[in-house]
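First the structure, in the form of C-alpha cells, and then the observations on it.
The values are calculated or read from the model by the stated rules, or taken from the named source; none is laboratory data. Everything numeric here is computed off the predicted structure, so don't read it as measured data. Cβ coordinates were reconstructed from backbone atoms using ideal geometry, including for glycine residues, and neighbour counts include every protein chain displayed. Ligands, DNA and RNA are stripped out before the accessible areas are found, and what is left, the full protein with its side chains, is counted by its heavy atoms. Shrake-Rupley method; radii C 1.70, N 1.55, O 1.52, S 1.80 Å.
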Amino acid sequence: MARVGRVINLTVHGIGPAERELDPCEDGTWVSIEQFERVLDAVVGRDDVRVTFDDGNASDVAIALPRLLDRGLTAEFFVLAGLLGKPGRLTADDVRRLIDAGMRVGSHGWSHRDWRWIDDRQAEEELTESHRRLTELTGRPVSRVAIPFGSYDRHVLRRLRRAGVTRAYTSDGGQARLGTWLQPRTSLVRDLDAEWTRGLLDVPPSPVLVARKLAGRTVKRVRG
C-alpha cells in the first residue's frame, strides 16, 4: 500500500551468525537470514520503501548483497570508515563490490562514536575524514550519513550541515516525507515476524503515534 509523498526507511544492522563480538544491546537488532529474506520479499515492488544498512558488518556483502540482487533491489550502505578490515566488518574491497553491484555507500562516521559527545578533533575525523576515505574508495562523492545510535541534537545537526551533508538518516522510526534532509528510519529487530512486517509496511500509523514521534524528533532538534 503506497503512501503518496511518504517513504518508509528500513535499517538493517547484522544478519545471520555474528562474526565479531557484539556491543551491549547490539544483538537486539541482529536478525536471522530467514527474517531478512521475509522482509526483502515484502518490499519487492514497493517504491515507498528504502532499505539501508548500518555499521559495515561483513554480512552486508556475504548475506545481504546476493539476496538484494536476486530480487532486483538496491540499498544504501552506511559504513564505518575507520573500522574497515576489522574482524567481522567490511573490507575496502567489499565497499567496491557494493558500488560495482549498483548499491549506494554513505558514511556512518569513523568509529561509531556518539556525535553528541565528540570534540572538534573527533568531529573532523567522523564527518570529514570518513567522507574523504569513502569517496576515495568508491570514486564518488560521499555526502549522506546515518547518525550513530540515532543520537543527535541541534549542535550535531549544525555540524552536519557545515560538513556539507546532503541527507541525514536517524533511528527515530515512522514514515518520512520524500525529499526531506532529515529522514527517520525503523530498525529491523531480533523478534520481528510477519505481523511486525505487515504492521510496519501496510497498516497506516495512528494519529497518536504520529504525533508522539513528531514530538520526539522536535525535542531532539532543539535540545543541546
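From the list LEU192, LEU160, exactly one residue is assigned to a helix (DSSP H, G or I) and either open to solvent by less than 10 Å² (accessible area, probe 1.4 Å) or at pLDDT below 95 (or both). Which is it?
Numbers: LEU192 fails: assigned to a helix (DSSP H, G or I).
Criteria check complete, one pass: LEU160.
What residue, among those in the stretch 128-157 that are of a type in the set (A, V, I, L, M, F, W, C) and out of contact with any Phe, Trp or Tyr (no Cβ under 8 Å at 6 or more places or on another chain), is most open to solvent (accessible area, probe 1.4 Å)? Please lay out each step first, then the result.
Looking only at the stretch 128-157, we keep the residues that are of a type in the set (A, V, I, L, M, F, W, C), and these are 134, 137, 142, 145-147, 149, 156-157.
Applying the additional criterion that residues be out of contact with any Phe, Trp or Tyr (no Cβ under 8 Å at 6 or more places or on another chain) yields 134, 137, 142, 149, 157.
Values: LEU134: 0, LEU137: 15, VAL142: 14, PHE149: 124, LEU157: 21 Å².
This residue is PHE149.
Would you confirm whether any residue within the stretch 126-138 is modelled with pLDDT of 95 or more and at positive phi?
Initially, the stretch 126-138 is screened for residues modelled with pLDDT of 95 or more, giving 126-138.
With at positive phi added as a condition, the list becomes none.
No, the conditions are met nowhere in the stretch 126-138.
Only one residue in VAL44, VAL39, VAL49 is out of contact with any Asp or Glu (no Cβ under 6 Å at 6 or more places or on another chain), farther than 22 Å from ARG89 by Cβ and surrounded by fewer than 13 Cβ atoms within 10 Å (Cβ to Cβ), so which one is that? Spell out how you get there, then give the answer.
Numbers: VAL39 fails: surrounded by fewer than 13 Cβ atoms within 10 Å (Cβ to Cβ); VAL49 fails: surrounded by fewer than 13 Cβ atoms within 10 Å (Cβ to Cβ).
One residue alone meets the criteria, VAL44.
Which residues, counting only those in the stretch 132-148, are touching a residue at least 40 places away in the same chain (Cβ under 8 Å) and not polar (S, T, N, Q)? Let's see the steps before the verdict.
Of the residues in the stretch 132-148, the ones touching a residue at least 40 places away in the same chain (Cβ under 8 Å) are 133-134, 137-140, 144-146, 148.
Of everything in the stretch 132-148, those that are touching a residue at least 40 places away in the same chain (Cβ under 8 Å) and not polar (S, T, N, Q) turn out to be ARG133, LEU134, LEU137, GLY139, ARG140, ARG144, VAL145, ALA146, PRO148.
Just for the stretch 84-115: of the residues that are surrounded by fewer than 18 Cβ atoms within 10 Å (Cβ to Cβ) and acidic (Asp, Glu), which one is nearest to ARG133 (Cα to Cα)? Show your work before the answer.
To start, the set of residues in the stretch 84-115 that are surrounded by fewer than 18 Cβ atoms within 10 Å (Cβ to Cβ) comprises 85-88, 91-93, 96-97, 99-102, 104, 111-112, 114.
In the following step, the residues that additionally are acidic (Asp, Glu) were identified as 93, 100, 114.
Working: ASP93: 13, ASP100: 17, ASP114: 20 Å.
Among those residues, the one meeting the criterion is ASP93.
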